[in-house]
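Worksheet: one structure, shown below.
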Amino acid sequence: MTVYTLSFLLKSFVMSVIILVFSAFSALFLKRFRASLRYAVWVVFLIGLLIPMSQVFDGGFITVPLSVEPQAQHTVFEALPNKPPLPNELPIPNEPPLPNKLPLQPDSVRESTTTYTTKDTFYDWVISPFMVCILVWGIVAIAILSYHIRRYFRFTSMIRRWGEPITDETTLSVFRSIQDEKGLCNKKIELRICEFTSSSLLTGFLYPIVVLPKKHFEADELELIFRHELVHFKRHDLFIKLLSVITVSIYWFNPVVYWMYALMQADGEASCDETVLRDVGEQNKQFYAELMVKMIGGKSTASTMLSTCFYGGKRGAKRRLDAILDTTRKMKKPAYAVFIVFVALTVFSGSVFALTTAYEPPVATVDANIYDTAGIIEADEAKAIAIETAGGGVVTECRLENRPLEKFLVYHVHVAVGQWEHCVEIIAETGSIHKHEPRYKP
């Protein structure tokens, strides 16, 4: 759990840096690149935040050592076979045995202490500060997501209850003509008019609704409004908004994500403006800007992040008006290069940091204060032999095992080499290889 949490936080940090770099780039070259490019890059960032990017390289650019310390030790006694004494261990005649040594007898059984590292109790694990932070993060994330989903259902229910279906033939004919032009004639999209909305909008995932404010619009104005909202529908922007809400809920602690969300929504509306003006002609820029100003009115009594909005606030509207009336020639080929660069940065974001576990399980040892351990190689020597046998790698496990039937002790060592794990068994008395079994772990 610690590794996953640290990876999540590091991923949030790396993506935040990439988002800030792109925000600065957008501010410097706002008039040189289309809003559709910026919106596409924001969507890539959104996917990068939601989908964990695996390491492209074996090791990251920055290595973060992760230390896992034991929290409790339990002693387990196990029967070990007695080994014959070496020549230099033969007892001297008439010499009394040492008080702190137990005598060795042929074919006798001696005991050893083996140390294992475990958690104290489930209770200590749950109330640890780390788990408390995880619990708080999860509760807040679920609460934010539930809040926005509840507002969405409340908003759509209000529209269906208090909104009036549009029956005006002129409005319906304009809408149907735009539907046919966009290839959406087979889609069932409802039209309603509501008093508590000051701007046109699109909402509804399964049963989409285009909502108009209770204002008078001419036929040419309705054409622009319907074109704008149907572009949102055709691009599935409502589902992108859902992913945005999920991202904001998960990264609620990161202010850069909120910054990204605001810029993404503004560029999403601006990219729709570009599409509409490309369809109707650049000569209608002034008329389209006047229509946006006409949408400015009373504040809506209800709103939701899971809907589009023709007028998205004063700050976003000012940026969109500047973009609509701007006559600067946009760059095309450099735009593709910028898009590819930031996509690559998002893909390689998982390769910036690499976590390494510095913890090695404790080795089962024979207590030298109680039993004679002469002739048994040290644990470090067993690890070195295992690494040499595996051809390099990192030791992930090392323990001393008792083989009563075979009458000897064995070091059981696991060595990780890339996607391979080598299980090496080494006879403790001689240091020779008893067994070597490589295993592939994809």
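Kindly provide the set of residues from segment 322-342 that are among the aliphatic types (A, V, I, L, M) and touching a Phe, Trp or Tyr at 6+ places or on another chain (Cβ under 8 Å), ordered by number.
Taking segment 322-342 as the starting set, the residues that turn out to be among the aliphatic types (A, V, I, L, M) are 323-325, 331, 335, 337-338, 340-341.
Passing the criteria: I324, M331, A335, V338.
Checking segment 234-252 against the condition returns a match, with at least one residue being of a type in the set (D, E, K, R) and touching a residue at least 60 places away in the same chain (Cβ under 8 Å). Across segment 263-292, the qualifying residues are those that are in a helix (DSSP H, G or I) and free of Cβ contacts under 8 Å to residues at least 12 places away in the same chain, and the one among them that is surrounded by the fewest Cβ atoms within 10 Å (Cβ to Cβ) is Q283. In segment 234-266, which residues are more than 19 Å from the chain's Cα centre (by Cα) and farther than 20 Å from R34 by Cα? Residue satisfying the conditions is L238 alone.
Sub-7 Å Cβ pairs linking a first residue in segment 16-35 that is in the same structural domain as V257 (by TED's automatic domain parsing) to a second residue that is of a type in the set (F, W, Y) and in a loop (DSSP other than H, G, I, E, B), at least 6 apart or interchain, number zero.
Regarding E274, is this residue under 30 Å from the mean Cα position of the chain (by Cα) and among the acidic types (D, E)? No, not satisfied.
Just to be sure I understand, how many residues within segment 3-41 are assigned to a helix (DSSP H, G or I) and out of contact with any Leu (no Cβ under 7 Å at 6 or more places or on another chain)?
Kept after step one, since they are assigned to a helix (DSSP H, G or I), are these residues of segment 3-41: 3-28, 35-41.
Next, from what is left, pick out any that are out of contact with any Leu (no Cβ under 7 Å at 6 or more places or on another chain): 4-5, 8-14, 16-17, 19-22, 24-28, 35-41.
Number satisfying all stated conditions: 27.
On inspection, T308 qualifies as at pLDDT 65 or above and touching a strand residue (DSSP E or B) at 6+ places or on another chain (Cβ under 6 Å).
Looking only at residues in segment 137-195 that are assigned to a strand (DSSP E or B) and of a type in the set (A, V, I, L, M), the one that is nearest to the chain's Cα centre (by Cα) is L191.
I'd like to check something: does segment 368-380 contain any residue that is exposed (fewer than 14 other Cβ atoms within 10 Å of the Cβ), out of contact with any Ser or Thr (no Cβ under 9 Å at 6 or more places or on another chain), among the small types (G, A, S) and modelled with pLDDT of 80 or more? Taking every residue of segment 368-380 in turn, none turns out to be exposed (fewer than 14 other Cβ atoms within 10 Å of the Cβ), out of contact with any Ser or Thr (no Cβ under 9 Å at 6 or more places or on another chain), among the small types (G, A, S) and modelled with pLDDT of 80 or more.
Taking segment 326-357 as the range and being at pLDDT 80 or above, among the hydroxyl-bearing types (S, T, Y) and surrounded by 15 or more Cβ atoms within 10 Å (Cβ to Cβ) as the test, the residues that pass are T346, S349.
The values are calculated or read from the model by the stated rules, or taken from the named source; none is laboratory data. All values reported here derive from a predicted model rather than from experimental measurement. Here the Cβ is made from the backbone with ideal geometry for all residues, glycine too, and neighbour counts use every protein chain on show.
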